[in-house]
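Rule-based calculations on the coordinates, nothing more; no lab input. Just so you know, these numbers come straight off a predicted model, no measurement behind them. Glycine gets a Cβ as well: all are built from the backbone with ideal geometry, and neighbour counts include every protein chain shown.
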Amino acid sequence: MTFQVGDKVIYPNHGLGVVERIEEKTILGTTCGFYHLHMASNDTTVLVPLTNADGVGLRRAIDNCEVERLFELLSDGKIDSQQNWKGRFKDNSDKMRSGSIYDVAEVLKSLSFLSKSKSLSFREKRMLDRARFLIISEVSEVVSEANTSVEARLDTALERSLLLRNKALARAKSVRVAAARPAVARRAIRAS
């Protein structure tokens, strides 16, 4: 994927940047093209080799249509809840590095859900905060709204998702209990 000067791009795990210029530099005798990205979050410049842009996951910022799809995903109630800390952390780290805002949203949902039932480790808490930041900053830039209004919308979507998830878990539990009752009744009849 190639970018032009002025394009808004996402650098995985760092957030939104703008391509300020594209230039060639000679480093240790090798000439290579670079994107100069101005990172919005911390006012820094990052150089990304043109040949490695796909490898690091550099992508265009989402558009307005994708913002709606993102909020649907955030509020759908489908939450991955892997219990093993080590496996969960590895999966979430891979998703954060992928550069996909949808993967970041999955991390945000699962860690938000988990944080409601137990304390997160320092590293997971930091990952949760980073996922929130990445989503809020990108959506805020795309829809030209203040971070606070996007954050409120994000919180509403997450609350809806957690509510739907809890309802689904309660339904599944009541079905298991109902299914177990006839078996208990049959055992009681046989025992008498």
Relative contact order of segment 1-80, defined on C-alpha pairs under 8 angstrom at six or more residues apart (%): 26
Under the rule of -39500 (n - 2.57) per DSSP H run of 4 or more residues, summed and divided by the residues of the chain, what mean residue ellipticity at 222 nm is obtained, to the nearest 500 deg cm²/dmol? -20000 deg cm²/dmol
Return the single residue from 73, 58, 28 with maximal mean-square fluctuation; model: Gaussian network over the chain, springs between Cα atoms under 10 Å. 28
Using the Cα centre as the reference, give the magnitude of the dipole from point charges on the C-beta atoms of segment 134-184 (Lys, Arg: +1; Asp, Glu: -1; all else neutral), rounded to the nearest 20 debye. 820
Going by amide H atoms built from the backbone, whose H comes under 5 Å of the H on residue 40, apart from near neighbours? 16, 17, 18
Relative to the Cα centre, what is the charge dipole magnitude of segment 64-171, using +1 at the beta carbon of each Lys and Arg, -1 at the beta carbon of each Asp and Glu, and rounding to the nearest 20 debye? 740
Theoretical FRET efficiency, 1/(1+(r/R0)^6), r = Cβ-Cβ of residue 27 and residue 56, R0 22 Å, to 0.05: 0.85
If you find the alpha carbon centre of segment 22-59 and of segment 128-156, how far apart are they in angstrom? 26
Taking +1 at the Cβ of each Lys and Arg and -1 at the Cβ of each Asp and Glu, which of 42, 16, 29 sits farthest along the dipole of segment 8-60 towards its positive end, judged by Cα position relative to the Cα centre? 16
Among 135, 62, 74 - extreme Cα towards positive end, dipole of the chain, charges at beta-carbon: 74
Name the shape class, rounded, prolate or oblate, that the alpha-carbon gyration tensor gives for segment 64-171, where a ≥ b ≥ c are the square roots of its eigenvalues, rounded holds for a/c under 1.5, and otherwise prolate holds if a/b is larger than b/c and oblate otherwise. oblate
Given (1) 12.6; (2) 15.1; (3) 11.7 as candidate values of mean projected area of the Cα convex hull in nm², which corresponds to the one derived from the coordinates? (2)
Using the Cα centre of segment 1-133 as the reference point, and only Cβ charges (+1 on K/R, -1 on D/E), how large is the resulting charge dipole? Debye, rounded to the nearest 20. 720
Is segment 8-60 rounded, prolate or oblate when judged by the Cα gyration tensor, a ≥ b ≥ c being the square roots of its eigenvalues, rounded requiring a/c under 1.5 and prolate requiring a/b larger than b/c? prolate
With labels modelled as points extended 7 Å from the Cα through the Cβ direction, what inter-label distance (nm, one decimal) is found for residue 2 paired with residue 152? 4.4
Just 105, 53, 172 to compare: in a GNM of the chain, with alpha carbon springs under 10 Å, which one fluctuates most? 172
Residues of type lysines that residue 95 reaches as a straight line, Cα spacing below 18 Å, ignoring anything fewer than 8 places off in the same chain: 78, 86, 109, 125
